[in-house]
Structure formats: structure tokens, C-alpha cells
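Read the structure below first, then the notes.
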Amino acid sequence: MRVITTKTEMRDQVRGARGSGAAAVGLVPTMGYLHEGHLSLARRARSECDLVVMSIFVNPTQFGAQEDLESYPRDLERDVAMADQAGVDVVFHPSATEMYAPGHATWVDVEGLTDHLCGASRPGHFRGVTTVVSKLFAVCEPDRAYFGGKDAQQSLVIRRMALDLDQAVEVIVCATVREPDGLAMSSRNARLTSAERAQAPAMYRALLEAEGSIGDGERDPHVIRAAVIGRLADAPSASVDYVEVVSTSDLRPVDRIDGEVLLAAAIRFGATRLIDNLLVSPPD
Ligand code: PAF
């Protein structure tokens, strides 16, 4: 497996592989500190593509000024070994100045879908994500790109971007991978204290209970929202950023649960903000 740090070399590698017969190139964009969720994306890419590229880049432009860019967990050596084991052919690990040349002034902004949920609580976040993912698409020229289901809003935003900008890449969203106690895997889980880690599965349990209530006939999103927030009172380190019941097409809050909805939550456990979601369809 190769580790490449420049855009020119990365592009040459992909074009060289295509010249030698690689029909499908898969890209797994990550910010590193890999966990089983990332590895499941890499394995899926391995099973579907001839060349598998994983980018490992903690993208500064998607972090707000008060956010955790500096303390975001990093361990390249460990990541490279794990990526290799999962069948990745190339790790693309550019520096921030390689990725954003001095004078960088062009941004990709998806409107509408980014107004709610994480877009509302992290202004500018999705502009950073869509800009860097566009750049990764331009450099790695993938046929398929793989994203985790935990970041449901991100995946929808990237799909919209690829469609709107005629980026010839299939955006593949894979199921959220969970710890045995239900906590969605995230690089940020490593930053939880042991007390916070013990409380963090409360978020998924609360979402599951809400799904159960919808299954039992509850159709009022306000009742569902209040139940999730109430359930989180059991976790003293939890503070709610948002809990929302939104439409799966435009991510706007629904007035009534009549069809498939996304139950989405962002909760801080101590200083660590975690997100999770469930797609729920009421029974007919
Ligand atoms: O989901 C992530 O890890 C990041 O938002 C991504 C897609 C790698 C862009 O930096």
C-alpha cells in the first residue's frame, strides 16, 4: 500500500492505474483515527472497485473557530496499518497547504439542505465539507465514493452536490456501524471520559424508543422530540444540541409523521459533540 501526500502524485497514481486496466476507482474520504465504521467502507470499496483510495485529511475548513480542530484525534501510523489490513491500495494524506494553496478563494455551498440540523448549529461546516470533498473528487477522480450513514445530512448534501455539479461519481452510503452497546462508532468517541462513554449509548437508546413510539402509533413530532430529550435526562453529562424529526427529502422538520422520517440528534457528552440518527417509517 502506498501513502501519497501530493495532489499531482495522487492524480498520476489514479490515471496510471486506469491505464493499466483499473475500471473502477473507489474513494473513502476520512479524517483518520480510523474505526470499524471507516474500515467497513474500505472493505465495501475493496469488494466493488479495482483501485481503493482512502483519504486521511483533517479538513480545517469544516471546523468552526470554537471547535475541536486542534484536539481532533490523529494517529497516522495506526491508520495506515489499519487501512492496509482493510485492503486499501493508496492512502492520500495531504497537508493543509497542499490541499488549500495560498490564496484559495473558491467554495462549494449546497443551499437548503444545509439550513437545518448540523448546518444550523455548525455554521460554515458543510461549506468546508463540500469544498474539500469536491477537491478530493477532482484529485482522485473516483467512480464511487463511500460515506457512513451516521452522517446522514452530510451524505444527502454530498449527493446533491455531485448531482448539481455533474460530478461523475456514485455516492454510496453505508449503514452506521455501532459498538456492542449501540453507540455509533465515531473518531470523537475516543475523547469521551469513562463516565461520558458509559452515558453516550443513551442517545441511541432514546432514538430506538422514539422509533418504538412511532411504531405504536405516535405521529406528533413534538411528542417524539420531547420523549427523546426526556430520556436523555438519565445521562447527566448529556446536553442537547438538537433533536429533530425531519423529512428525508429536504431535512426540514415535519409537522406530522406521515411517511419516512429521519430522527436526528446531536448531543454533547461533556465537551464532545456526537451525532446519530435513525430512519423510521411508520407502519401502514
Ligand atoms: O465525514 C468525514 O469524516 C468528513 O466530513 C469528510 C467527508 C472526510 C470530509 O472532510
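Going from the fewest other Cβ atoms within 10 Å to the most, the residues S281, S40 appear in the order S281, S40. Using only side-chain charges placed at the Cβ, +1 for Lys and Arg and -1 for Asp and Glu, the dipole size of segment 169-276 relative to its Cα centre rounds to 500 debye. Can you tell me which of A227, A45, A202 moves the most in a GNM of the chain? Springs connect C-alpha atoms under 10 Å apart. Highest fluctuation among the options: A227.
Altogether, the Stokes-Einstein calculation at 4 °C and 1.567 mPa s, with the Kirkwood radius of segment 1-127 over Cα pairs as Rh, returns a diffusion coefficient of 81 µm²/s. Here the label points at T5 and L165, each 7 Å from Cα along the C-beta direction, are separated by 2.6 nm in the simple model. The order of D143, D75, D166, going from fewest to most other C-beta atoms within 10 Å of their C-beta, is D166, D75, D143.
Segment D234..R18, full-extension length gain: 72.4 nm, with 0.36 nm per residue of separation and the alpha-carbon distance subtracted. Using C-alpha pairs below 8 Å separated by at least 6 residues, the relative contact order for segment 1-129 is 33 percent.
Of the beta bridges in the chain, as assigned by DSSP with both residues counted there, near 50 percent are antiparallel. Taking 0.36 nm per residue of separation and subtracting the Cα-Cα distance, full extension of the segment from L76 to A190 would add 39.5 nm.
Selection among L183, V173, Q13 by position relative to the dipole of the chain gives Q13 as farthest towards the positive end (Cβ unit charges, Cα centre). Its residue count N fixes a reference of 2.2 N^0.38 Å for the chain, and the Cα radius of gyration divided by that reference is 1.02.
Charge dipole (Cα centre; +1 on Lys/Arg Cβ, -1 on Asp/Glu Cβ; no other charges) of the chain amounts to roughly 560 debye. Along the charge dipole of segment 197-284, pointing to its positive end and built from +1/-1 on Cβ of Lys, Arg, Asp and Glu, which listed residue (V228, V245, G259) has its Cα farthest out? The residue sitting most towards the positive pole is V228. Across the chain, C-alpha contacts under 8 Å between residues 6 or more apart give a mean separation that, scaled by the residue count, equals a relative contact order of 17 percent. Per-residue ellipticity at 222 nm from helix content only, as computed over the chain with -39500 (n - 2.57) for each DSSP H run of at least four residues, stands at -11000 deg cm²/dmol. Here the peptides 242-250, 81-89, 50-58, 215-223 are ranked by packing, the mean other Cβ count within 10 Å, and the order with the highest first is 50-58, 81-89, 242-250, 215-223.
Each reported figure results from applying straightforward, stated rules to the coordinates on display, with no laboratory input. Keep in mind that what you see is a predicted model, and the values were worked out from it rather than measured. In this analysis, Cβ positions are derived from the backbone assuming ideal geometry, glycine residues included, and neighbour counts consider all displayed protein chains.
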